[in-house]
Every structure is written in C-alpha cells, then in structure tokens.
Amino acid sequence: MNEQPCDVEAVYRVYRTASGSVRGRYIGDGITAVLGIPYAAAPFGVRRFREPQSVPAWTGIRDCTDFGPIAPQSAELPGSPVWRPGDEDVLTLNVWVPEGPGSNARPVFFWIHGGANTFGSSAQPDFDGTALARAGLVVVSCNFRVGFEGFGHVPGFPDNRGLLDQIAGLRWVRQNIAAFGGDPGNVTVAGHSSGGSSAACLMGMKQTRGLFHRVIAHSVPNVFYTVELAAAVTEQIAAQAGVAPTTEGLLSLSPEALVAASDKAAALCMAEPITEVHAFAPVIFQPVVDGEVLPQNPLQAFAAGAAREVDLLACHALEEHWFLHAVGAIREVTTEAELADFAEALQLPPHLFDGYRALMPDAPPLDRYLAVFGDAQFGEYTTRLAEHHVRAGGRAYLARFARKLGKARPWHTADIPFAFGNLDAPGAHFLIGGIPDNHDRALSDRMLQSWADFATTGHPGWPPVTTAATPVKYWMVPVDHLAADDTCLVRALWKDIRFNVLHPSRATTEPLSQADSGCAGSPQDPSS
C-alpha cells in the first residue's frame with residue numbers, strides 16, 4: 001500500500017498516486033494524514049473560470065504534510081488559514097489513512113465543507129478527519145472554488161465550477177484511493193449547509209454515476225438560482241468593480257478584486273436586494289440550475305428517481321437560524337410589521353405564521369421569524385429530500401439535531417463538531433454553546449459511529465423512511481429519542497406549501513404536484 005523510507009519510517013508514509021508519489025505524516029493512534037494533494041491544476045490564468053483540468057505529473061516525492069492554499073475569499077475563521085493573493089494551487093485534497101488490521105479496501109468518506117458557497121475550506125479544525133479515521137474510514141476532504149471563482153456566472157464559461165471541482169476530486173478518489181487503503185467501490189459523500197447542498201446536487205447529476213454510493217447531507221438549504229438570476233448577481237458584482245458584466249470585463253479583474261466586489265455587493269443586499277429574499281439573507285452565490293452541469297434542483301431530481309441508487313442520510317438542526325442571527329448573517333426582525341414584510345418576501349401564507357404563533361404563544365416576533373426562516377430554508381427542504389427520495393424508490397434515513405444544554409441551542413453547524421468528534425477544536429465551543437461535558441462526549445461518540453456505520457454498511461442504526469412512515473432519530477442529551485413517525489405539529493403547518501425552488505427560499509400555496517407533496521419542518525422538542 002505504501003513505501004516507507006527506512007530513516008523516517010516512524011514519522012512519514014509515502015503513497016503513490018497517478019500523478020506522482022506523496023509523503024504524509026504519521027500523527028499517532030494508527031493514523032497518517034496526507035494533506036494538500038493536488039487533484040486538479042491551478043484554476044487561474046488560461047484555466048480561469050473553466051472546468052477543472054488535470055494536474056501535471058511530478059517526479060520525486062511531493063511533501064504533503066500541510067494543508068494546501070484555500071480558494072479566494074475574505075473570511076478569517078478560527079484556527080483556519082486565510083487566502084492570500086497569489087495563492088493559486090487551491091484545488092487540493094487531504095486524506096486521513098487508518099493503519100492496522102483491515103487496512104485494505106476500507107470505506108471512503110468524502111467531506112464537502114460549507115460556507116454559503118462563499119468561504120471556508122477543508123483546513124477548518126472542526127473538519128479534522130482523525131476521529132473518523134480511527135473509526136475505520138479513509139477520510140478525504142477537499143478544497144474547491146468558492147465565491148465568484150466557483151459559483152459566479154460568466155458568459156461563455158460553465159456555471160457551478162465549484163461542483164465541477166468536487167466531481168474532479170471524486171474522480172481522483174476513484175483513481176487513487178486504493179493506494180491509501182480505501183475502497184473506490186464504497187464511497188460516501190458528506191456535507192453540511194452549502195456542502196450538504198453540493199452533496200444533494202451531486203446525487204442527481206449524470207456525470208457522478210458510479211463515483212459514490214451514499215450521501216450524508218446535513219442542513220441542505222432550499223436556495224438555487226436560475227441562469228437569469230445568477231446573471232443578475234454578476235451584474236451587481238461587476239458594477240461594484242467598475243467593469244461591464246461581460247466575459248472580457250470579468251476576466252480583467254483579479255481574484256482579489258472580485259472578492260472585494262462580491263463583498264460589497266453582498267453588503268448592499270439588505271438595502272438594495274437583488275431579489276426580495278436577499279434583503280433578509282444576503283448570500284449571493286448559489287448552485288445554478290443551468291440545464292447542463294446541474295439539470296434540476298435536488299428536490300426535482302430526487303422526485304424523478306435520478307438518484308434512487310444512492311442511499312441518503314439526511315439531518316437538520318431544530319433551531320437552524322438562531323446561529324445565523326447570532327453571527328449577523330441575516331436581517332434582524334423584531335416587529336410584527338417586519339415579520340409581515342418577511343412573509344411577503346418568501347411568499348409564505350398568513351396561516352403559516354398564525355400556526356407558529358399558536359405553537360409559540362409567548363415568543364417575540366424575532367423568535368417566530370427565526371423558527372419560520374430556519375424551517376423554510378433548511379428543515380423543510382432537508383426532510384422533503386429524504387421523503388421524495390424514498391417515494392422514487394431510493395433508501396433514506398432522517399435525523400434531527402436536538403441537543404440542548406443550558407443556554408446552548410441546537411442551531412446551524414452545532415451538529416458538525418459532534419459528528420466529527422472534534423468538540424475541542426478551535427471555535428467548536430462557540431458552536432456547541434460552551435465546554436462539552438460527559439453527556440456531550442457520549443453524544444459525539446454516538447453521532448460519529450452512526451456516520452461510520454452508514455458509510456460502511458448503509459445503515460446508521462435506526463429504521464429508514466418508508467412511503468408509509470417517516471421515522472426520525474433525535475440526537476439529544478442525555479439520551480436520544482426515536483420517533484416511529486414524523487407527526488410533529490410544525491409539519492402540519494407546511495403541508496400545503498410548495499417550494500418555488502428556483503427562487504431563494506421562496507414558497508407558494510399553489511396546489512402541490514405529486515413530486516412535491518411531502519411535508520416536513522423542524523419539530524418541537526420531542527422531550528417536551
């Protein structure tokens with residue numbers, strides 16, 4: 001499987017890939033980390049805005065003991081590297097390799113990070129793959145183009161370049177992962193938030209057939225663009241940069257200039273929204289349903305049976321948008337009048353808000369706004385994906401992150417340090433609401449094992465969704481809860497609401513089609 005130089009065999013491991021040999025570092029506990037392996041050529045210069053190209057081969061042994069550069073962005077995340085102008089070799093991936101008995105043909109876990117399609121990287125500390133590798137998985141994570149480089153519309157160039165990068169990473173896995181002890185015939189793609197959206201998109205794309213066999217999708221957002229809307233976003237960004245929204249104008253801008261112009265366009269969204277929804281959530285980069293790279297949004301693709309051969313494990317948090325409010329990522333809504341404006345922007349009917357008011361009689365407008373927004377954008381969509389997948393002949397499991405402890409909320413992203421086994425990573429204590437206790441660590445062990453079991457066998461440890469019932473696993477402390485069927489009161493409120501999934505998070509009360517007749521939504525606390 002690997003070559004070990006005799007003078008440093010206690011520290012390094014060498015693996016052969018199709019492009020050349022790479023050297024990783026043995027980090028203890030039977031795990032070797034091989035970091036920053038190029039899977040495609042640098043997407044700049046003549047390759048800018050194009051589909052990913054093959055990485056040039058190299059001679060000798062390439063040192064892969066540090067993470068590679070991250071894609072162009074302005075974010076500075078706790079414990080993570082930042083992008084610096086001039087960094088170009090951004091299409092790299094990382095592999096955590098378990099050793100010991102059974103070290104050949106292990107299940108492969110391929111992680112796609114979140115970050116609103118705008119920021120983030122595989123080098124974030126809460127995505128460290130060591131604990132999952134100790135559970136017996138060969139863990140892979142990858143960097144890909146985000147922001148305008150990855151999801152901006154450029155006339156004459158492919159949309160969804162970030163998705164194409166992810167596909168290139170999966171093709172690298174198929175070609176090379178056996179050299180690291182992984183089984184290319186047993187690959188699970190996993191992602192959270194925009195990464196969960198990517199995973200769901202990949203499920204329904206013809207060009208991914210055979211590249212993976214299971215998907216774990218946490219908090220999948222109900223936000224997709226038409227080509228026309230993506231072009232409107234480009235116009236706003238080009239205006240901020242002072243160029244025409246043409247191929248020539250966009251190519252004239254440096255990556256640094258495009259990052260700055262994109263940040264300005266996003267900052268203006270609440271005052272001058274590109275669509276009504278942007279006034280409440282100024283995320284300007286989304287997957288584009290272009291009919292080519294992405295022929296359908298995932299809900300349509302699942303309902304049509306396009307992904308029925310791929311098993312799905314779907315999960316969302318009970319209070320998703322409390323996190324986005326805490327970090328200032330969405331508009332503040334504190335009055336009934338502002339709540340009515342929000343309802344109009346998302347085209348949500350009055351009876352939905354009446355229902356939430358009845359379920360939350362003492363809650364202020366802000367809390368009702370956050371509850372509805374979280375269910376509309378994450379909980380409803382994620383749950384419908386699982387149900388539609390099953391109706392079309394696929395297999396799916398559903399879970400909800402419901403862990404509450406003191407003031408800690410089960411909000412967006414809090415589930416990921418638990419499932420990765422990284423509760424003490426930099427930034428994790430903010431995500432989970434404080435220092436973890438023994439109940440938290442036990443919950444982390446359970447969640448991590450469910451991921452490992454699903455990636456290994458396709459069974460996370462509770463019953464699958466059927467056409468007759470929707471069992472739900474609630475991740476909680478001190479013990480979990482299993483509902484035999486999803487009959488929570490919130491679901492009834494969404495029953496007759498059909499998403500318009502080509503407009504960000506908007507919904508309508510038009511009659512439901514057979515392909516979109518499911519209902520879902522965040523439940524009340526099952527322990528109450």
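Values quoted throughout were computed directly from the atomic coordinates according to the rules given, and no laboratory measurement underlies them. None of the values given here were measured: they were computed from a predicted structure. Note that we place each Cβ from the backbone using ideal geometry, even for glycine, and neighbour counts take in every protein chain shown.
Brief remarks on what is shown
- Considering only Cα atoms, the convex hull volume of the range 12-218 works out to 113 Å³ per residue.
- Considered as an equivalent ellipsoid built on the Cα gyration tensor, the chain has semi-axes of 35, 28, 21 Å, the largest given first.
- Packing-based ranking, highest mean first, of 210-220, 299-309, 143-153 given that Cβ atoms within 10 Å are counted: 143-153, 210-220, 299-309
- Compared with the direct C-alpha span, the chain from SER54 to GLU256 gains 70.3 nm at full extension, assuming 0.36 nm per residue.
- MRE, 222 nm, helices only [DSSP H, n ≥ 4, -39500 (n - 2.57), over the chain, to nearest 500]: -9000 deg cm²/dmol
- In the calculated pair-distance distribution of the range 227-279, the portion above 12 angstrom amounts to 62 percent of the Cα-Cα pairs.
- With both labels modelled 7 Å from their Cα along Cα-to-Cβ, the GLU88 to THR65 distance reads 2.7 nm.
- Under 5 Å from the amide H of ALA71 lie the amide H atoms of PHE144, each residue being 5 or more positions distant or on a separate chain, with H modelled from the backbone and absent for Pro and chain starts.
- Of the DSSP H helices in the chain, those whose Cα atoms cover at least 18 Å axially and whose Kyte score averages -1.0 or more: 161-176, 227-241, 255-268, 438-457
- Taking the DSSP beta bridges with both ends in the chain, the antiparallel portion is around 45 percent.
- Between THR487 and GLN207, the modelled labels are 4.6 nm apart [label points 7 Å from Cα along Cα→Cβ].
- Selection from ALA371, PRO255, TRP111 lying farthest towards where the dipole of the chain points positive, charges on Cβ: TRP111
- DSSP beta bridges confined to the range 12-218 are antiparallel in about 50 percent of cases.
- Using only side-chain charges placed at the Cβ, +1 for Lys and Arg and -1 for Asp and Glu, the dipole size of the range 12-218 relative to its Cα centre rounds to 580 debye.
- Separation in nanometres of the label points that stand 7 Å from Cα toward Cβ, at ALA329 and ASP496: 3.3 nm
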